[in-house]
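K.L.:
One structure is given below, represented as structure tokens, and several questions about it will come after.
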Amino acid sequence: MKAPSFSDLAASPAPPLDRLALAIAAELRPDVDVAGALAALDALGEELRGDLGAAAAAPQDQLAAVVDLLARRHGFHGAEKDYDHPDRSMLDLVLEQRVGLPILLSVVYAEVGRRAGVPLAGVGLHGHFVVGHFGGAQPVLADPFHGGRPVPAVLSAKLARPWTPHEVARRMLNNLVGSYFTRMDLGRAIRAAELRLAVAGGDREALELELRGMRARLN
């Protein structure tokens with residue numbers, strides 16, 4: 001079965017986050033193994049399901065199980081070296097290399113959790129990105145970039161809300177535009193900026209102005 005295109009997913013009101021992230025990667029790199037990446041997420045989700053067992057667990061305990069699986073057992077961690085390299089924003093490569101930006105690690109946590117019935121979602125904070133459990137009376141946050149350490153409850157109460165797949169995709173593309181532009185890979189920077197315009201939301205006028213400026217540098 002043919003994987004859905006980025007344009008189709010971006011136009012969908014509620015696209016699957018894993019497929020949307022992989023579609024971004026496939027637009028910017030050849031030969032992205034979408035099926036392999038989804039299978040890796042499925043395997044991690046199955047492992048988490050086994051860890052949780054059949055008994056109901058409190059949100060804190062469910063989130064702790066996700067952290068134990070991904071950060072401790074499988075070694076997913078933040079990219080201290082080459083932080084802004086484009087590879088750190090590619091879901092398939094993050095799954096393969098176990099290292100990524102905060103937002104990509106949060107995507108991994110959320111998608112592995114979803115497969116095991118754990119209601120996780122990405123949460124954008126000022127200058128950072130974490131993951132939150134939204135199955136209880138109050139959200140519980142963890143920081144995948146720093147080994148899944150807990151985020152203070154005061155931030156959880158005041159700032160936490162689950163980000164939509166479109167919001168996550170737009171922030172991923174913001175990172176990629178900057179990463180490619182810094183490396184003077186204008187072709188891919190422009191393509192990432194074009195993809196960003198296809199995602200609902202954001203300041204479209206400002207995004208179009210930035211895209212025109214990058215295109216002008218090619219001429």
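K.L.:
Can ASP42 be described as touching a residue at least 40 places away in the same chain (Cβ under 8 Å), open to solvent by 50 Å² or more (accessible area, probe 1.4 Å) and either closer than 25 Å to TYR180 by Cα or part of a helix (DSSP H, G or I) (or both)?
P.N.:
Numbers: touching a residue at least 40 places away in the same chain (Cβ under 8 Å): yes; open to solvent by 50 Å² or more (accessible area, probe 1.4 Å): yes; either closer than 25 Å to TYR180 by Cα or part of a helix (DSSP H, G or I) (or both): yes.
Judged against the criteria, ASP42 is a match.
K.L.:
Right, another one. Select from region 59-75 the residues that are open to solvent by less than 40 Å² (accessible area, probe 1.4 Å) and of a type in the set (A, V, I, L, M) and write down the one among them that is farthest from the chain's Cα centre (by Cα).
P.N.:
Taking the candidates together, the pick is ALA65.
K.L.:
When you look at GLY78, is it touching a Phe, Trp or Tyr at 6+ places or on another chain (Cβ under 9 Å), surrounded by 14 or more Cβ atoms within 10 Å (Cβ to Cβ) and small (Gly, Ala, Ser), yes or no?
P.N.:
yes
K.L.:
Could you go through region 166-184 and let me know if any residue there is touching a Ser or Thr at 6+ places or on another chain (Cβ under 6 Å), touching a residue at least 40 places away in the same chain (Cβ under 8 Å), open to solvent by less than 50 Å² (accessible area, probe 1.4 Å) and closer than 26 Å to ASP82 by Cα.
P.N.:
Scanning region 166-184, I find at least one residue that is touching a Ser or Thr at 6+ places or on another chain (Cβ under 6 Å), touching a residue at least 40 places away in the same chain (Cβ under 8 Å), open to solvent by less than 50 Å² (accessible area, probe 1.4 Å) and closer than 26 Å to ASP82 by Cα, so the answer is yes.
K.L.:
Can you report the number of residues in region 1-28 which are over 18 Å from LEU105 (Cα atoms), outside any helix (DSSP H, G or I) and within 16 Å of the chain's Cα centre (by Cα)?
P.N.:
2
K.L.:
Follow-up question, since we're still on this one. With the structure loaded, tell me whether LEU211 is in a helix (DSSP H, G or I), of a type in the set (A, V, I, L, M) and open to solvent by 20 Å² or more (accessible area, probe 1.4 Å) or whether it fails that test.
P.N.:
So LEU211 does not fit the description; no.
K.L.:
Restricting attention to region 197-206, does a residue exist that is in contact with a His (Cβ under 7 Å, 6 or more places away or on another chain), among the hydrophobic types (A, V, I, L, M, F, W, C) and assigned to a loop (DSSP other than H, G, I, E, B)?
P.N.:
Narrowing region 197-206 to residues in contact with a His (Cβ under 7 Å, 6 or more places away or on another chain): 199-201.
Next, only the ones that are among the hydrophobic types (A, V, I, L, M, F, W, C) stay: 199-200.
From what's left, assigned to a loop (DSSP other than H, G, I, E, B): 199-200.
Scanning region 197-206 turns up at least one residue that is in contact with a His (Cβ under 7 Å, 6 or more places away or on another chain), among the hydrophobic types (A, V, I, L, M, F, W, C) and assigned to a loop (DSSP other than H, G, I, E, B).
K.L.:
Which of the residues belonging to region 79-104 are part of a strand (DSSP E or B) and closer than 21 Å to ARG170 by Cβ? If you could, list the steps in order and put the result at the bottom.
P.N.:
The first filter runs over region 79-104 and keeps only residues part of a strand (DSSP E or B), leaving 99-100.
Scanning region 79-104 gives a single hit, GLY100.
K.L.:
For region 132-165, enumerate the residues that are open to solvent by 40 Å² or more (accessible area, probe 1.4 Å), β-branched (Val, Ile, Thr) and at pLDDT 90 or above.
P.N.:
THR164
K.L.:
Could I ask something else about it? Looking at (1) at pLDDT below 95; (2) in a helix (DSSP H, G or I); (3) basic (Lys, Arg), which is the one condition that is false for ARG49?
P.N.:
Among (1) at pLDDT below 95; (2) in a helix (DSSP H, G or I); (3) basic (Lys, Arg), the lone unmet condition for ARG49 is (1).
K.L.:
To continue, here is another question. Could you say whether any residue in region 105-118 is in contact with a Lys or Arg (Cβ under 8 Å, 6 or more places away or on another chain) and part of a loop (DSSP other than H, G, I, E, B)?
P.N.:
Looking through region 105-118, at least one residue is in contact with a Lys or Arg (Cβ under 8 Å, 6 or more places away or on another chain) and part of a loop (DSSP other than H, G, I, E, B).
The values are calculated or read from the model by the stated rules, or taken from the named source; none is laboratory data. No experiment lies behind these values; they were computed from the predicted model shown. Cβ coordinates were reconstructed from backbone atoms using ideal geometry, including for glycine residues, and neighbour counts include every protein chain displayed. What goes into the accessible areas is simple: the full protein's heavy atoms, side chains included, and nothing from ligands, DNA or RNA. Shrake-Rupley method; radii C 1.70, N 1.55, O 1.52, S 1.80 Å.
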